[in-house]
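The values are calculated or read from the model by the stated rules, or taken from the named source; none is laboratory data. All values derive from a computational prediction rather than experimental measurement. Don't worry about glycine lacking a Cβ; one is built from the backbone with ideal geometry, like all the others, and counts go over all protein chains shown.
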Amino acid sequence: MAGALKSNFTPRTLNMPANPADVASIDAIITAAYDSISGPAGQKRDWARERSLFYPGARLIPTAKPDESNNLAPEMLDVDGFIARVEPYFAEHGFYEKEIARRTEQFGQIAHVWSTYESRHRGDDPKPFMRGINSIQLFYDGSRWWIVTIYWQQESLSIQFQTDISEQNVPSC
């Protein structure tokens, strides 16, 4: 499409103050996203920090089973919907998610990150109880990075990583 599309929608940065260190780079915002959801059972997460990472109207999209059929479908959540979905689980279970591999593609002010993760109930658990991959879209507004979407799918018996997971290598399924 020729020309630039104009938008009168601007980020509400005063409503979502972020720690400048959390949003200064792609690395920083990805690290902050993982850190903000990780912690022991019963620990209240820093939801203000989590919210500050996301552009207004951003979406978190788990690939879930919406019914008994075993068919996967995207579940469209805003940040508050995501928090409501995970808070009861975090109250009862420790959850530590860590990035184990990443591939980043950037063009101008937009970036896409494939971020492979492992989840543990305790930070020192020897083996993860879950692995998966996040597809993260980001936007740079000239002063900071914003998360626009995080879309993810976890490994299952039918969908598993087929290669070794190493830095800068996103495995194919």
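Look at segment 28-49 and say how many of its residues are over 15 Å from the mean Cα position of the chain (by Cα) and among the hydroxyl-bearing types (Ser, Thr, Tyr).
Counting residues in segment 28-49 that are over 15 Å from the mean Cα position of the chain (by Cα) and among the hydroxyl-bearing types (Ser, Thr, Tyr) gives 0.
Restricting to segment 95-120, give me the number of residues that are of a type in the set (S, T, N, Q) and either touching a Pro at 6+ places or on another chain (Cβ under 6 Å) or buried (at least 18 other Cβ atoms within 10 Å of the Cβ) (or both).
Residues that pass the stated criteria total 3.
Looking at the structure I just gave you, is GLU68 acidic (Asp, Glu) and modelled with pLDDT of 95 or more?
When the stated conditions are applied, GLU68 does not pass them.
Out of everything in segment 37-76 that is aliphatic (A, V, I, L, M) and farther than 21 Å from ALA111 by Cα, what residue ends up being surrounded by the most Cβ atoms within 10 Å (Cβ to Cβ)?
ILE37
Just to be sure I understand, how many residues within segment 75-106 are assigned to a helix (DSSP H, G or I) and farther than 17 Å from PRO62 by Cα?
Result for segment 75-106: 2.
Pull out all pairs, ordered by first then second residue, where Cβ-Cβ is under 7 Å, the residues are six or more apart or on different chains, the first lies in segment 84-107 and is among the polar types (S, T, N, Q), and the second is in a helix (DSSP H, G or I).
THR104/ILE26
In segment 40-65, what residues are part of a loop (DSSP other than H, G, I, E, B) and at pLDDT 95 or above?
PRO40, ALA41, GLY42, GLN43, LYS44, ARG45, ASP46, LEU53 - these are the residues of segment 40-65 that are part of a loop (DSSP other than H, G, I, E, B) and at pLDDT 95 or above.
For segment 90-105, does any single residue satisfy the condition of being among the aliphatic types (A, V, I, L, M) and more than 21 Å from ALA48 (Cα to Cα)?
Scanning segment 90-105 turns up at least one residue that is among the aliphatic types (A, V, I, L, M) and more than 21 Å from ALA48 (Cα to Cα).
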